[in-house]
Every structure is written in structure tokens, then in C-alpha cells.
Amino acid sequence: MIAHSLHLSSASVGLVSTLTLLGYACGLFVLVPLCDICENRSLVLATLGANALALGLAACPIPPAVFLLISGLAGFTAVAIQMLIPMAAAMAPEAQRGRVIGNIMSGLILGVLLSRPLASIVAGHFGWRASYLVLAVAVGALALLLASMLPRRQPPHAGRYVELLSSMTRLLREEPVLRRRAFSAALVFAAFNAFWSTVALRLSSAPFGLSANGFALYALVGVSGALAAPMAGRLGDRGHDRIGTHAARFVAMLGIALAWVGGLLASRLSPAPALFLLVAAAILLDAGTIGDQALGRRAVNLLRPEARGRINALFTGIFFIGGAIGAAMAGIAWAHAGWNGVCLLAMAFVTAPMAFRIGHKVAAPLLSGKRGLLRAFVSRS
């Protein structure tokens, strides 16, 4: 609809989503760290106000080049939620921090999962510009609501912005929990995006033949997976972080396995049982991914209180990059090996954190033993 309205080529219309996502990634690394030096309430409200303005401009009859620029700005200012997470973590008691973060993650994931069917309904009845207008009004109303509810919070950190950004690489180097959680979450999110970026292709082909409206209904089943976030947060608060993490990744693995079986049996059974397996796969994969992210966020927000904004930006930015890689590689896997290739790729992503952890446990004693032998050899020499 956007391509037809703005006379964009099929190649150029992809820039609408690409620039929005690129803007979001930039916002994570540029705006979110300001939580550590700026008063949080004012920062969140200013970001939401800029986001509402960008969305409102996108709904106006503007030239295509300007629209693409505004799309990037809309993504850049959509990171207010990532500012609220460290703010809420700082304000919540440590014993309830996992549950609080889980509740916020539920809202975030609900918005993600409901966005596609909502946009389809609004655009189908009132045009694509109305989708941007509805979002602009909603974000503006949210900013007014939060202005009356959010307390002021001045972070303890004092320093210059340039020093703040340069400290992010040092944080990643000095915090092994952040590195481990961020990169493992990136791999699980890569599996999630590999599935969701190609499942529409599988469902639109034989024997399912779902239309866009049919896929919108299918996308709604993932909403139930958002319930995993507060459940995972409570597990973390009770000291079961490791068990919860393993359980979340096992659930994601089970979802991918069901997706592979459903696609495999689609040509051998009637479409209904195969579609049921793909529905179950979407629910399990969503629940596992969301649970893993909620536990990861809880773990990293227990690190340095004075650097929560930067830590959250690093965690989110890294797993966001992982998701982009998963979606890109899934397209290649689909082109060369179809649905089987996509499921194999997703399974490789989701099992990689466990494989790395087992490999590290096996290799660490061997390496330490070799270092001991080397030291003894050197001392004797």
C-alpha cells in the first residue's frame, strides 16, 4: 500500500522497515545510555513526544524521501520502553525486580505481537496513513498519562556523554554476565526471527494456502507466549535463574522441533493436524524466547546500578543484532533448503548457547591443566 501510494519501487519499499529498524538500533546505543546521566522522567517524556511527532509527520502527505527519513526517526525515538526498563529496575525492590521487569516485557511483547493484525485492520479500513496517525495519537496520550504518573529520578552517575558512550565497550569487557546473557539471548532471538520471518511463506504455500488475514490470525496465537515473561521473572526472584533459563531454552527447542514436524507432515496428513503443530510451535517458541529474555534482563539489571541504562542498551542492542542476523540467514536457508533448512538453522541457533556452555566447562579444566604443565616446564627450564 505504501509503495503504490508513494510510487516506490519494489526495492525501495523495503527501506521503510529497514530504516525504521536501523533507527531503533541507533536509538538503543545513542539515546538509552542517557538514562545514566539525565533525569529519567524528562528523558522518557521527551523521547515519547518526539516519537509521536515523527509518527504524525509520517501520516502526512510528504515526499517519499522525507517519508523514509521520518521512518528512521520514528524508529530512533521508539526506544522509550528501553528507558523505562532500567528506570523500573532501579525503583523496584531487588526481591521483586524480576517480576517487575517481566511485567514490562509482557507489555512490550504484546505490543510487538498485536502490531501486525492491528495495522492490517486499520490500514484495510482507513488506509495506511491512518495506522501512523493512530500510533501518533496513542503515543501522545501515553506521554500525557506518564507525565502525571512517573516520578522524577536523577541517576547517581555524573559525567560527560562522550565518556558515557566510550565506557560501553569497557562494560562489555568487564562484565561476563552481561556478555554471556547478551550473546545467548541474541542466539535465541535469532532462532525466533528465523521462524517468524519465514513461517508466512510456509503457511501461504500448499497445503495451507493461508491469506494475509489468515496469517494475521495465526500471528495472534503468539500473544499467549507473553505470559512467560512474569512467570520467568518470578522464577528468577526465587533464586531459580539457571533452572528457568534452561527451561526457557528447552521450550524454544521443543517449539522449533514441532515446527519442523508440522512442516514435514503437512504433505502427508491433512492440513489441520499440521497447522495445529505449527500453532503449538509458535506458542512454545514465543514463550521460550520471552522467558529467556526476561531472565536475561533481570540478571543484567542486577549488575551495576549506576550503569543500568548502558547495560540495558548493550543487552538489547546485541540481541537485536542477533535477531537481524537470524532473519537474514533464514531467507537464505529458505531459498536453498525450504522449511527444513529454516528449522535446522533455528535449532542450531537455539542450541548454540547450551553447546558453548558445555564446551566451556569441558575445555576450562583442560586449558588450566595445560597452563599448569606449561608453568612447570618453564620453571624447571
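The values are calculated or read from the model by the stated rules, or taken from the named source; none is laboratory data. Please read these numbers as outputs of a predicted model, since none were measured by experiment. Neighbour counts run over all protein chains shown; Cβ positions are idealised from the backbone, glycine included.
Quick notes on this one:
- The C-beta contact set for segment 324-351 (first residue touching a residue at least 60 places away in the same chain (Cβ under 8 Å), second residue assigned to a helix (DSSP H, G or I) and β-branched (V, I, T), distance under 6 angstrom, 6+ apart or interchain) comprises A330/V342; A333/V342; W334/V342; C343/I256; A346/I256; M347/I256; V350/V188.
Condition check ((1) surrounded by fewer than 19 Cβ atoms within 10 Å (Cβ to Cβ); (2) closer than 24 Å to L108 by Cβ; (3) at pLDDT below 90) across all residues:
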site	(1), (2), (3)
V177	yes, yes, no
A200	yes, yes, yes
S205	yes, no, yes
G214	yes, no, yes
V223	yes, yes, yes
A232	no, yes, yes
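- Any chance A259 is surrounded by 24 or more Cβ atoms within 10 Å (Cβ to Cβ) and among the hydrophobic types (A, V, I, L, M, F, W, C): yes
- Against the test of being modelled with pLDDT under 85 and not basic (K, R), the options L113, L34 yield a single qualifying residue, L113.
- Which numbered condition A191 fails, given (1) in contact (Cβ under 8 Å) with a residue 40 or more places away in the chain; (2) exposed (fewer than 15 other Cβ atoms within 10 Å of the Cβ): (2)
- Here S9 meets each of (1) farther than 25 Å from L165 by Cα; (2) surrounded by 22 or more Cβ atoms within 10 Å (Cβ to Cβ) with one exception, condition (2).
- The residues in segment 134-156 that are surrounded by 17 or more Cβ atoms within 10 Å (Cβ to Cβ) and either among the β-branched types (V, I, T) or in contact with a Gly (Cβ under 7 Å, 6 or more places away or on another chain) (or both) can be counted, and the count is 4.
- Within segment 1-24, being in contact with a helix residue (DSSP H, G or I) (Cβ under 6 Å, 6 or more places away or on another chain) and either farther than 21 Å from S120 by Cα or modelled with pLDDT of 85 or more (or both) holds for G23, Y24.
- Of all the criteria given as (1) modelled with pLDDT under 80; (2) over 24 Å from Y24 (Cα atoms), the one not satisfied by A352 is (1).
- Some residue of segment 221-234 being more than 30 Å from R180 (Cα to Cα) and part of a helix (DSSP H, G or I): yes
- Out of F215, F276, F250, one residue alone is within 30 Å of P93 (Cα to Cα), of a type in the set (F, W, Y) and part of a helix (DSSP H, G or I). It is F250.
- Filter pass, L55 being within 18 Å of W128 (Cβ to Cβ) and either surrounded by 16 or more Cβ atoms within 10 Å (Cβ to Cβ) or within 15 Å of the chain's Cα centre (by Cα) (or both): yes
- Boolean, F67 is more than 18 Å from the chain's Cα centre (by Cα), crowded, with 17+ Cβ neighbours inside 10 Å and not polar (S, T, N, Q): yes
- Some residue of segment 93-102 being at pLDDT 90 or above, surrounded by fewer than 23 Cβ atoms within 10 Å (Cβ to Cβ), over 17 Å from L133 (Cα atoms) and charged (D, E, K, R): no
- For P156, the test of being over 23 Å from the mean Cα position of the chain (by Cα) and touching a residue at least 12 places away in the same chain (Cβ under 8 Å) is passed.
- Filter result (closer than 20 Å to S224 by Cα, out of contact with any helix residue (DSSP H, G or I) (no Cβ under 6 Å at 6 or more places or on another chain) and without any contact (Cβ under 8 Å) to a residue 40 or more places away in the chain) within segment 110-128: G111, V112, S115, L118
- For first residues located in segment 78-103 and closer than 15 Å to Y24 by Cβ, partners that are among the basic types (K, R) and lie 6+ apart or on another chain with Cβ distances below 8 Å form the pairs I85/R297.
Residue by residue, here is whether (1) of a type in the set (D, E, K, R); (2) not in a loop (DSSP other than H, G, I, E, B) holds:
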position: L165; (1), (2): no, yes
position: L172; (1), (2): no, yes
position: V177; (1), (2): no, yes
position: R180; (1), (2): yes, yes
position: F183; (1), (2): no, yes
position: A190; (1), (2): no, yes
position: A194; (1), (2): no, yes
position: R202; (1), (2): yes, yes
position: P207; (1), (2): no, no
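- Filter result (farther than 24 Å from A90 by Cα and among the hydroxyl-bearing types (S, T, Y)) within segment 123-152: S131, Y132
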